[in-house]
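Down below is the structure, laid out as structure tokens.
The values are calculated or read from the model by the stated rules, or taken from the named source; none is laboratory data. Computed from a predicted model, the values in this text were never measured in an experiment. Because the Cβ atoms are built from the backbone with ideal geometry, glycine has one as well, and the counts that use them run over all protein chains shown.
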Amino acid sequence: MKRKVYMNHDGGVDDLVSLFLLLQMEDVDLVGVSVIPADCYLEPAIYASRKIIDRFGQGKEIEVAASTSRGKNPFPKDWRMHAFYVDALPILNEHLPIQTKEAELPAHQHLIRTLRNSNERVTLLFVGPLTDLARALDEAPDIEEKIEKLVWMGGTFLPTGNVEEPEHDGTAEWNAFWDPEAAKIVWDSEITIDLVALESTNNVPLTVDVRNKWAREREDIGIDFLGQCYAMVPPLVHFQTNSTYFLWDVLTTATIGNSNVIKRKIVRCFVHPDGKSQGRTELNKQGREVNLVYEVKREQFFSYITDLARQK
Ligand code: AGV
Ligand code: CA
């Protein structure tokens with residue numbers, strides 16, 4: 001039986017590649033998509049999502065909803081620009097006008113409606129901040145029982161996260177930092193959480209050997225799409241900075257299609273909602289339980305996503 005999945009993303013290169021890969025998973029029934037303008041600008045991210053569903057969605061009818069949420073700590077503009085580049089790719093603009101519809105409801109209400117209308121429980125895949133989920137839970141607490149689990153790219157228990165901003169101590173991961181209060185609201189719910197934190201995503205930087213493999217196989221339209229998308233983010237080789245690109249969201253998405261590539265363990269933790277460590281997830285015996293993805297088999301992961309991307 002197919003698993004129902006609802007995706008909320010924030011328009012980064014790996015968010016859009018994740019949408020593409022999710023559409024290729026045979027045992028996934030994607031019931032809705034929404035986009036939050038966190039690590040992106042909203043309009044190009046919505047367009048790109050609708051075009052990816054048109055081009056790679058095998059005729060599925062899936063609506064894309066726009067979020068009205070705004071965060072507390074804005075992402076750098078350079079990163080937010082990426083959605084414009086993906087949206088402009090010729091492969092996504094071959095067959096205009098766009099067929100896939102934009103939803104009339106804003107993201108959090110689109111999520112509520114989709115969950116209420118579903119007769120099965122739905123897995124939530126969030127690869128950006130949790131704001132829309134927090135707002136949905138606030139407006140409609142009844143949806144909790146319709147949620148199979150939340151799979152979230154966010155957080156870290158490492159001493160350093162990936163936020164390097166004034167007035168912050170560097171302990172947080174960006175999706176948690178953008179809206180720390182939303183993370184706290186979700187933490188306070190009863191929802192089962194699978195957490196794909198920096199512990200595992202740090203093991204999947206985009207290296208030149210992977211880029212070159214995709215280049216050699218670019219005759220396949222799906223592999224070419226991967227290569228073209230990742231050509232937009234800097235291939236840094238000699239040092240790791242806060243702009244090294246990891247496959248954060250793609251790993252998170254891959255855990256839904258193939259749990260053999262990762263290892264999980266249960267930990268207890270809480271989230272700092274404010275202050276100099278805002279967005280930090282911290283291990284604590286009194287905290288709530290999450291299933292932490294703490295390890296990834298790198299080679300198997302890259303083979304899995306490359307195979308998935310190949311067009312039949
Ligand atoms: O913190 C990781 C999250 C993921 O959801 N995003 C990127 C992924 O989509 C923020 C981010 C951290 N470092 C970045 C990010 C970078 N160097 N470029 C773009 N986005
Ligand atoms: Ca993201």
One residue is enough: does region 78-92 have a residue meeting the conditions in contact with an Asp or Glu (Cβ under 7 Å, 6 or more places away or on another chain) and over 30 Å from G279 (Cα atoms)?
no
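Look through N291, N203 and report the one residue that is within 18 Å of the chain's Cα centre (by Cα) and part of a strand (DSSP E or B). Can you show your working first?
Values: N203 fails: part of a strand (DSSP E or B).
Going through N291, N203 in turn, the sole match is N291.
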Residue check, V151 within 16 Å of ligand 1 (Cβ to nearest atom), surrounded by 14 or more Cβ atoms within 10 Å (Cβ to Cβ) and under 18 Å from R50 (Cα atoms):
no
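Residues are listed down the side, and each one gets a yes or a no for (1) surrounded by 24 or more Cβ atoms within 10 Å (Cβ to Cβ); (2) in contact with a Ser or Thr (Cβ under 8 Å, 6 or more places away or on another chain); (3) farther than 19 Å from W152 by Cβ:
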position: D10; (1), (2), (3): yes, no, no
position: L16; (1), (2), (3): yes, yes, no
position: I53; (1), (2), (3): yes, yes, yes
position: A66; (1), (2), (3): no, yes, yes
position: I91; (1), (2), (3): no, no, yes
position: H95; (1), (2), (3): no, no, yes
Restricting attention to region 206-235, the residues that are more than 20 Å from the chain's Cα centre (by Cα) and part of a helix (DSSP H, G or I) number exactly 11
Going residue by residue through region 160-174, is there one that turns out to be on the phi > 0 side of the Ramachandran plot and of a type outside the set (D, E)?
yes
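Hey, does region 53-60 have a residue that's within 16 Å of ligand 2 (Cβ to nearest atom) and not hydrophobic (A, V, I, L, M, F, W, C)?
Within region 53-60, not a single residue is within 16 Å of ligand 2 (Cβ to nearest atom) and not hydrophobic (A, V, I, L, M, F, W, C).
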Selected residue (only one of I221, I185 is more than 12 Å from ligand 1 (Cβ to nearest atom), surrounded by 16 or more Cβ atoms within 10 Å (Cβ to Cβ) and on the phi < 0 side of the Ramachandran plot):
I185
When residues of region 89-142 are filtered for being part of a loop (DSSP other than H, G, I, E, B) and closer than 22 Å to K51 by Cα, how many remain?
16
Among residues of region 63-88 being closer than 16 Å to R50 by Cβ and assigned to a loop (DSSP other than H, G, I, E, B), the residue farthest from ligand 1 (Cβ to nearest atom) is E63
Which pairs do you get when a residue that is closer than 21 Å to E120 by Cα and more than 14 Å from ligand 2 (Cβ to nearest atom), found in region 19-43, comes within reach of a residue that is modelled with pLDDT of 95 or more and acidic (D, E), reach meaning Cβ atoms under 8 angstrom, with the pair 6+ apart or on two chains?
G32/E63
Which residues, counting only those in region 7-34, are more than 12 Å from ligand 1 (Cβ to nearest atom) and touching a His at 6+ places or on another chain (Cβ under 9 Å)?
G32, V33, S34
Here is a list of conditions, (1) at pLDDT 95 or above; (2) over 18 Å from the mean Cα position of the chain (by Cα), and D14 meets all of them except one; can you say which number that is?
(2)
Given the conditions (1) more than 10 Å from ligand 1 (Cβ to nearest atom); (2) under 20 Å from the mean Cα position of the chain (by Cα); (3) at pLDDT below 95, report the number of the one that Q240 does not fulfil.
(2)
Just one listed residue, out of T255, T306, is in contact with a strand residue (DSSP E or B) (Cβ under 6 Å, 6 or more places away or on another chain) and either surrounded by fewer than 12 Cβ atoms within 10 Å (Cβ to Cβ) or not in a loop (DSSP other than H, G, I, E, B) (or both), and it is T255
The lone exception for C229 - which of (1) touching a strand residue (DSSP E or B) at 6+ places or on another chain (Cβ under 6 Å); (2) of a type outside the set (S, T, Y); (3) within 16 Å of ligand 1 (Cβ to nearest atom); (4) farther than 19 Å from T171 by Cβ it fails:
(1)
N73 passes all but one of (1) surrounded by fewer than 20 Cβ atoms within 10 Å (Cβ to Cβ); (2) more than 16 Å from ligand 2 (Cβ to nearest atom); which number fails?
(2)
Pairs under 8 Å by beta carbon, first residue without any contact (Cβ under 8 Å) to a residue 40 or more places away in the chain and farther than 23 Å from A38 by Cα in region 107-129, partner among the hydroxyl-bearing types (S, T, Y) and within 16 Å of ligand 2 (Cβ to nearest atom), six or more apart or different chains?
none
